[in-house]
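See below for the structure under consideration.
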């Protein structure tokens, strides 16, 4: 049994302080390279992983593949397969950042994720398109100013093209 030290929401063995240094170096190098939402997701997921490991008194960094399998199986009972796959990607990212062997590459982990996907299915629920009623409500709330007319035009183009926000933003930036 090793004592645990919490560093940047990651649980590492007390004798692994060099891991903390590598994580700090990675954080400095990655500053500005990742999107804000990606950083928030990585931080949130690493807190979940670290808390799960701390509750079981196992090391989060470095982790054993069997520990990751137990985590996948446990989270698979309460989370969607897409969320669990994101957690696994975060665990892999943490290990790469700390320059450790990635336990998520082990065959047992791959099989655990595959087992979860087969048991729960992997199809994501499609978001409903913008309907006529919602479009009419949006139209009714917009002012007749230039910015209001621009908003209505953008909303109608998005609806007609079935565009996502990012696609509409890319289109808007070219105008």
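Readers should treat all values here as calculations from the given coordinates under stated rules, not as data from a laboratory. All of these numbers come straight from a predicted model, not from anything done at the bench. Because the Cβ atoms are built from the backbone with ideal geometry, glycine has one as well, and the counts that use them run over all protein chains shown.
Restricting to the stretch 30-61, name every residue that is touching a strand residue (DSSP E or B) at 6+ places or on another chain (Cβ under 8 Å) and under 15 Å from residue 96 (Cα atoms).
Hits for the stretch 30-61 are 46, 60, 61.
Within the stretch 62-76, which residues are surrounded by fewer than 17 Cβ atoms within 10 Å (Cβ to Cβ) and either touching a strand residue (DSSP E or B) at 6+ places or on another chain (Cβ under 6 Å) or touching a residue at least 24 places away in the same chain (Cβ under 8 Å) (or both)?
64, 66, 73
Taking the stretch 130-175 on its own, how many of its residues are loosely packed, with under 10 Cβ neighbours inside 10 Å and under 30 Å from residue 85 (Cα atoms)?
3
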